[in-house]
Amino acid sequence: MAEESTIAAFRPVPRTGVIYVTTEATKRGFSMGDPEWCNLGQGQPETGDLPGAPPRVRDVTIALDDQEYAPVGGLLELREAIAALYNKLYRKGMKSQYTAANVCVSGGGRAALTRAAASLGQINLGHFLPDYTAYEELLDIFKAFTAIPILLEGDKGYSFSADDLRREVMGRGLSAILLSNPCNPTGKLVDGDEMAKWVSIARELDCTLLIDEFYSHYIYKSRPNTLPVASAARFVDDVDRDPVILFDGFTKNWRYPGWRVTWAIGPKQVMDTLASAGSFLDGGGSKPLQRAAVPLLSEAHVIAETNAIQQAFRPKRDRMFSQLERLGVRFDRAPDGTFYCWGSVANLPAPLNDGMSFFRAALERKVIVVPGEFFDVNPGKRRVGRVSRFKDYVRFSFGPSMDVLDKALSRIEEMVREAAAAAPVSRA
């Protein structure tokens, strides 16, 4: 949603879905931390203490040289720690190993993705529908590449096979594909043999996979006695030759969104390019927070934090999914990962059977959600004059604590019940 600019030199710039809904809520009195509001629109997890999780960082020491700029590509010790973590989690026993040269650190996930987008050549770039709302403006602002949408079908559980990938790459002449995995908003995960095939096809056809893995520690379909994490890094043969670029950071998987410490990991040559892009786009991230992040990348810390996330977020997922389904929200699939439930409200009583109307009605009860149309990624609004495919969808976040979820679900139930009571009785 863009607001009109009153200064001729500037164009209207749209807000992403989360920013738009929180702005609308703020007009009605919402503020962060207000216990009267239930923010099921938030794109961040709860950031406080969780049972079994390592203690939260409450103080950061700032050394004298931390007053200086950090290297645009990130502190060497941080890049070494990131590479070591990937090798321990995903590449044990493999000949090719990540090093610090395979990592480029950024000041936030959007900064990392923007560096990548700015570095692409004159290519066809595939992206999926639905997917992360911020991709829309990101894919429009840089004019070197052409963004090509790939439609996923809800009635097929948003599945996209390796054969589908091969057909799209060859048929549309794609040189790169951007995706979130697990997907924000659907929760669909590509992993195991299927992801191994994707990486193999990318290698064979020289099609770069740009994979946003910011929710890769929120996995609900993992094997017993294994850490519930997923990454395409597990299926890369040669870290410097395979065209696979991964993005992650402290935002979701460490539950430190305010730190703005994120990274890309992939071939050295590409990381050099991303650092060059960062030198004119953003200048690099916070030096003291990068230094403070290093100890949190130890394998023991990551295992404890990830298991605590699993214990806290799986029950929230199950509670939200079952409660909303009972109220009449229809789900194309249960989320494999992330902390979102993506559902159709088409079967709810009017006016709640439309995503934007549902959002506005929920605001009146101090509940925030994100209408599905924001995830209909449409760079440059090239697909004009059409109603969004996701007009009837809503993304519900179970990022907040369980008590906030319960309060929100109770208010939504009351809202649906009142709408049903006010609906006219049909007469045969």
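Quick notes on this one:
- Average Cα contact separation per residue, the chain, under 8 Å, 6 or more apart, as relative contact order %: 24 percent
- Rounded tilt (10° steps) of 109-119 against the dominant C-alpha axis of the chain: 60 degrees
- Fewest neighbouring Cβ atoms within 10 Å first, the residues His127, His217 line up as His127, His217.
- Across the range 18-45, the residues whose backbone nitrogen lies under 19 Å from the label position 7 Å along the beta-carbon direction of Ser401 are 31-45.
- Net charge of Cβ neighbours under 15 Å - reference Leu289; Lys, Arg +1; Asp, Glu -1: +1
- As a proxy for reagent exposure, ranking Ile7, Ile368 by other Cβ atoms within 10 Å from fewest up yields Ile7, Ile368.
- Relative contact order %, the range 230-269, counting alpha carbon pairs below 8 Å whose residues are six or more apart: 41 percent
- Of the beta bridges in the chain, as assigned by DSSP with both residues counted there, near 50 percent are antiparallel.
- Folded to 0 to 90 degrees: helix 268-281 orientation relative to the chain principal axis, Cα: 60 degrees
- DSSP-defined antiparallel bridges as percent of all bridges, the range 65-302, nearest 5: 30 percent
- Projected label distance in nm at Gln122 and Ala304, using a 7 Å step from Cα toward the beta-carbon: 5.4 nm
- Computed from backbone phi with θ = phi - 60° and the Karplus coefficients 6.51, -1.76 and 1.60, the 3J(HN,Hα) list for the range 13-30 is 10, x, 8, 5, x, 5, 5, 4, 5, 6, 5, 5, 5, 4, 4, 9, x, 5 Hz; x is used for glycine and proline.
- Once the Cα atoms are used to define both axes, helix 299-327 deviates from the longest principal axis of the chain by about 20 degrees.
- Cβ-Cβ FRET estimate between Glu153 and Asp34, R0 fixed at 45 Å, reported to 0.05: 0.70
- Using C-alpha pairs below 8 Å separated by at least 6 residues, the relative contact order for the range 65-302 is 30 percent.
- Listed residue pairs exceeding 26 Å between alpha carbons, taken from Lys88/Lys268; Lys366/Lys391; Lys316/Lys381; Lys197/Lys268; Lys95/Lys287: Lys316/Lys381; Lys95/Lys287
- Calculated Kirkwood radius over Cα pairs in Å (choose from [x] 21.8; [y] 22.4; [z] 23.0), label: [y]
Bear in mind that the values in this text are calculations on the coordinates, not laboratory data. Worth saying up front: this structure is predicted, and the values here are computed from it rather than measured. Every residue, glycine as well, gets a Cβ built from its backbone with ideal geometry; the counts of neighbours run over all protein chains shown.
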